[in-house]
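Everything below concerns the one structure shown next.
Please treat every number below as a calculation from the coordinates, not as lab data. Keep in mind that this is a model prediction, so the values were computed, not measured. Methodologically, a virtual Cβ is constructed for each residue, glycine included, from the backbone with ideal geometry; neighbour enumeration extends over all protein chains shown.
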Amino acid sequence: MQRGIIYTAATGLVAGSLIGGQAFAQLPAQEFSYDYAEGGIVFNEWGDEDPIGPRAIGSLSLTDDIFVRGEASFLTDDNDITTLSIGPGYRLALTPAIDLYGVAALVYRDVDFDAGGSESETGYELTAGIRHGCMFLDDLQYAWEIRYLDVDTAEDLDDGIVNLAAKFTYGLTPQWDAVGDLQINDAGDENELGLALGARFNF
């Protein structure tokens, strides 16, 4: 039931993006950077735990349309979860104000259990997103992402999970942005919430 809800939400996100395309076309032109380094703190839920920890994201353009993105996080509560990922991405500029993008990443995850022992596995993650500016605030940008993660660590991740994220970026200076993520994480039989807050340096 819970998994059905998140798949329905994912379908609605895609459909809403298509239906709203005409409205998005009225947005002012934006400068979307794919060259940045980002750091912040993640607050998450995982069953009975509320892991918290640092996260770093980096993106580097190889061409106007192709980039590489990497991510590292360490979340801790009763168990410690280390996640590393890296992979190529592709952006498609629909209008001067709208980008579609996708990333295919190799993922390594290590879980150290409080009761002793650990699990380490390598898998993959596929990301699809849409990025656009705000109609009312020139310095505010949004990105909506659907992520499919398949890494066989811990019983509730064996079948692959789908995560949704709403990402917000607010320009403080030409190089520095404040960033935030609101997440719905499909963890086993439950949909868990997550929050990330941080800063981004564009280079």
Once you have the Cα-Cα distance between Ala93 and Ala166, take 0.36 nm times their residue separation minus that, and quote the gain in nm to one decimal.
24.3 nm
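Work out the length of the dipole vector of segment 58-137 about its Cα centre, built from +1 on the beta-carbon of each Lys and Arg and -1 on the beta-carbon of each Asp and Glu, and round it to the nearest 20 debye.
Working: 4 positive and 13 negative charges, 130 e Å.
With Lys and Arg at +1 and Asp and Glu at -1, about 620 debye.
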